[in-house]
Every structure is written in structure tokens, then in C-alpha cells.
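The values are calculated or read from the model by the stated rules, or taken from the named source; none is laboratory data. Just so you know, these numbers come straight off a predicted model, no measurement behind them. Ideal geometry is used to build each Cβ from the backbone, glycine not excepted, and the neighbour counts take in all protein chains shown.
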Amino acid sequence: MTLLMLLLCTIGQPYDGSNDSFSPGFRIGFTFMASFPSMQNEKDFADMNTAAGLDFELGSTAWGGSVEVLGDVSEKFRIRGSVGGTNFSGGYSEGFNAYQNIFLVLFTLGLFSGSGEDDVIELNDQAISIEAQAYYVLTRTPGMSISAGAGPMYTFATRQLDSPNTGTSGSGSGLGFVASLRLDQESTFKLGCLPLMFGLEAGYRMNSVKISADDYELDFSGPFVKLGSYIGI
Amino acid sequence: MGKILLFLLPALLLITAGCNDSTYPFQQVTDEFTFTYDLPSDGVVDLIVLNCYMNNIRTLLADSTQSSGSHSSSWDLLDENAVRVPDGLYYVRIILDNDVIETQMYEVYK
């Protein structure tokens, strides 16, 4: 929220408030998203690695972003279309060889150091989703609106597992569903001559993708929070 | 010669500082190998191999009654269809009386 306010103060110009009534229009925006996917299979996979003696660390948050088009089709209805990407990762890493590192630092008079982590096993699950959502505007005041919506999504997902000498990848696609509540702060500021709007969205997505041939499911289902900025087009 | 070594040694150390495969908690195999496992008690043993999608790709031992102690078995890197498995990570599960008592991990590559 602080970042949002800072952004508003930096690039926003006070709007004169002469046009508080609703007018249909479209906006294009960029969002940043954090989601908390189920990923039960990946959790089981991480457990299997742990049982095999690896300290396998699996993330709990999937990070992503999207490009969106948001349209007010009437005073009560809003639509949204977006293309976005999400990344979920995990892995096993080891520290650099301590003895070699000591000699390295000594011989190079401290110029080089092998400090850090050596990624031994890397797991990356990536998804590209196309979403279409329709919203019902629950409340609209000058400069602000709250809406609830739902719609379908289609996801293309890949799973990449890398080890020191091998790489295994799989991909698949699947249909999903998303429902959310969004808060939009609009018409208060302008970016030059373009209307500027900020949106905060929270919801739940049901989005499971089967990796072809191996019957392995990447379950991106779970709650999400999204923050975006939009300009009028 | 001394000067060359002075430059070469740090470069060699820089390259190898992160290379410590010997410490990996899994074995890297390119051909048939033998592994050992310990049974804490007598019982019915199953040995299965899973791929990185947790699918059972080979049963090495099924419903075999074994006594407690150390045992060994081998895997020829073939799946149930006698086809060599693709490069990747594989897991051998030792199951005693329907409980997984040990999981061993192998990196298989050519």
C-alpha cells in the first residue's frame, strides 16, 4: 500500500473531478501476482526427496504477472481479459567447497570468493494462463468501485527438473476457473492526459494441469492476490 | 613456470570451488548397479523404482520374504518393458510389510 501511495504521488496528477459520472471505456494494465497453489504432487515429490536424504526446499508461493485489459461495459458490469505467467520453484542446493574456497580467497587476495549456493537439483513449474472474467459491480462511488466476478481460464504449464547431468521436462494444458473480488481506485489521478487506475484483486482459482504422458498433475489451484495499475485507452 | 602456476592455480580453484559432486546425497549411475539395504525385521519385501513423476516404472522385487539384516539387489536401468529409462532422477523404494522403510535416489545418465 505504501508503494502504491508513493507511485500515486510520483506519477499521478490530481484529477479535477469534473467527470465523476460513469462512462464506458477500456483500460490496459500490468499486474503483479502472488498465489498459494496446492501443488500436492510437488509436495509429495519434495517429501520423497527428503526421504532420500536431500534437504529439498519447496516454495509455498507462486509469483507471477500479467497484462490485462479491463473494460467497463455498463455501470454494473465489467469484463477482464488477461495473459499472464506464474512460476513455482523448489530445489536442493549445497554450499561451495569450504577448503577450496579458503585457498581461492588466499591466492586471489580476496578478489574472488566461491561463496553462495550450488544448485544441485532445480525444480521449476511455469504456467501461462489466458483468463476471461466478468464482474458485477457491487458498489461504485466516485473514484472507487468494488466488484465480484468469475470466469474461465486456460493454462499451459511446464515442469522442468534439472540435476547435475540431466534435465527432465514435461508440459500440458488445461481448463480452469477463477473467481475473485476486486477493488479499483479510479478517476482520482491522471497520468498526463490518460486516466490512471489502481486495482487490488483477491480470489481463488481452480487450475489443475496434467503433464502429458506421465499422468502427473500440476495443481496451481489456490488463493491469490493481485495488484495492478491501469491506464485508459 | 612459477608465474604461470600463480595464475593457473586461482583459476583452477575458481572453476572447481563449486564442484563437489562427491558430497551429493545420491549416486550418479550410467550402467547397471548394485545397491544395499537393511531390513530391521523379517518380513515381506518389495523393491520398486519410481521416476521423477513418482510413477512406478520397474518392480525389482515383489512379495519376497526376507530376514532382517543387510541385503542387496541390482537395477539394470531398464523399465518394465525392458527399455532403458531416459536420463533423469530415479528413486528406489524399499518397502517392508507395506511400509516404505527407505528411499534411495539415483541420477541416471548416459
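Listed values, structure above:
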| read-out | value |
| --- | --- |
| Some residue of the stretch A:113-120 being closer than 28 Å to A:ALA34 by Cβ, at pLDDT below 95, hydrophobic (A, V, I, L, M, F, W, C) and in a strand (DSSP E or B) | yes |
| Positions within the stretch B:47-76 being under 20 Å from B:TYR109 (Cβ atoms), within 13 Å of chain A (Cβ to nearest Cβ) and under 13 Å from the mean Cα position of the chain (by Cα), in sequence order | B:VAL49, B:LEU50, B:ASN51, B:CYS52 |
| Hits in the stretch B:77-110 - residues which are touching a residue at least 40 places away in the same chain (Cβ under 8 Å), within 14 Å of chain A (Cβ to nearest Cβ) and not aliphatic (A, V, I, L, M) | B:TYR90, B:TYR91, B:ARG93, B:GLU102, B:GLN104, B:TYR106, B:GLU107, B:TYR109, B:LYS110 |
| Hits in the stretch B:52-107 (condition: out of contact with any Asp or Glu (no Cβ under 6 Å at 6 or more places or on another chain), among the β-branched types (Val, Ile, Thr) and not in a loop (DSSP other than H, G, I, E, B)) | B:THR59, B:THR65, B:VAL92, B:VAL100, B:ILE101, B:THR103 |
| Qualifying residue in the stretch A:51-66 (condition: under 23 Å from the mean Cα position of the chain (by Cα), modelled with pLDDT of 95 or more, within 30 Å of B:ILE95 (Cβ to Cβ) and assigned to a helix (DSSP H, G or I)) | no |
| Those residues of the stretch A:194-216 which are farther than 21 Å from A:TYR154 by Cβ and surrounded by fewer than 21 Cβ atoms within 10 Å (Cβ to Cβ), in sequence order | A:LEU194, A:PRO195, A:PHE198, A:LEU200, A:ALA202 |
| Index of the failed condition, A:LEU161 passing every other in (1) among the hydrophobic types (A, V, I, L, M, F, W, C); (2) under 25 Å from A:ASP72 (Cβ atoms); (3) buried (at least 16 other Cβ atoms within 10 Å of the Cβ) | (2) |
